[in-house]
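The values are calculated or read from the model by the stated rules, or taken from the named source; none is laboratory data. Since we're looking at a predicted model, the values are computed, not measured. In this analysis, Cβ positions are derived from the backbone assuming ideal geometry, glycine residues included, and neighbour counts consider all displayed protein chains. Surface accessibility is based on the protein's heavy atoms, side chains included, excluding ligands, DNA and RNA. Shrake-Rupley method; radii C 1.70, N 1.55, O 1.52, S 1.80 Å.
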Amino acid sequence: MLTRALFYDLNQLFSGQWRFNYVNFYAILKLVIPIDCKKSKTITMAYQRIRQPKLSDVIEQELERLIVEGTLSAGQQLPPERELAKQFDVSRPSVREAIQRLEAKRLLTRKQGGGTFVSENVWTSFSDPLLELLASHSETQLDLLEARHAMEGISAYFAALRGTAEDFAQIEDCLTNICSAQENGNIEAEASAVMAFLTALTEAAHNVVLLHIVKSLAPLLEQNVLQNLKLLHRRSEVVEKVSKHRANIVDAIVSGQPEKAREMSHSHLAYIEETLLDLTREESRRERSLRRIQQGNDS
């Protein structure tokens, strides 16, 4: 309950005319912040010991990151331990320990007298027999083309959304390599260049899971591209139109239009699928005609 003196002091306090008084100041303070001196306790915080990570752990994590994001590709040789120690600004034993752990994880392989390499099978998720089985069945080729709609469409979308100037330059270089292979009439080189183009698109999307899927399927994808090109090259106007489609995809990506890039990718693959079906039907009709002619000659 407020005493008359305390009420007076409160009135003076809010009017700006209050004079300091220890007794009343403590009473006012209790009104604002209830304090029980007898029950007050010192607040202690529970501190945890901060553990300094080992240098070898940090180096191991950094090398793993470079492998996952594709900066270090399968089969690529790492710089010597001395150079890595200089780049990381650490001791050589720390680098050596990190490399040994990555070897145990089968991410790196060491060749006697030949250096340390990223494992060749680091991106492999499908066994070779399975790849051969899928490649040997013609019906799976159209299934794969449908799967490419999802992978390449989303890659083009995110490449336009997240790609850097360096990514765009790499994509444009791949497009130039495709044109050069076409001019030389080398279908195998063209298929390889198209696969490099697809990989560059996926890298520009900056999604490591998507990149892992594409690289895991790379042998099957490249074989699919090669088989498609062998059919498409039967019609020169088709090859020209397919090349124009790729250029449109790149233009949409570089200009930062993700929806258009995805749309162009889907249109590109839909045209290839439609053309392949038409060419397949044409081939079937030709084979039937040849069989009839052969039968007539035999009779």
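Things worth noting here:
- One residue stands out among those in the range 163-202 that are within 20 Å of the chain's Cα centre (by Cα) and not in a helix (DSSP H, G or I): the one that is surrounded by the most Cβ atoms within 10 Å (Cβ to Cβ), which is 163.
- Some residue of the range 237-249 being surrounded by fewer than 16 Cβ atoms within 10 Å (Cβ to Cβ), over 21 Å from residue 147 (Cα atoms) and modelled with pLDDT under 90: no
- Residue that is modelled with the highest pLDDT [pool: residues in the range 41-99 that are open to solvent by 100 Å² or more (accessible area, probe 1.4 Å) and under 24 Å from residue 120 (Cα atoms)]: 82
- Here the range 100-112 is the region considered, the condition is being of a type in the set (A, V, I, L, M) and within 15 Å of residue 62 (Cα to Cα), and the residue that is surrounded by the fewest Cβ atoms within 10 Å (Cβ to Cβ) is 107.
- Among residues of the range 250-271, those that are open to solvent by 10 Å² or more (accessible area, probe 1.4 Å) and of a type in the set (Val, Ile, Thr), counted: 1
- Some residue of the range 221-234 being within 21 Å of residue 166 (Cα to Cα) and under 25 Å from the mean Cα position of the chain (by Cα): no
- Tally, over the range 219-234, of residues that are over 15 Å from residue 190 (Cβ atoms) and surrounded by fewer than 18 Cβ atoms within 10 Å (Cβ to Cβ): 1
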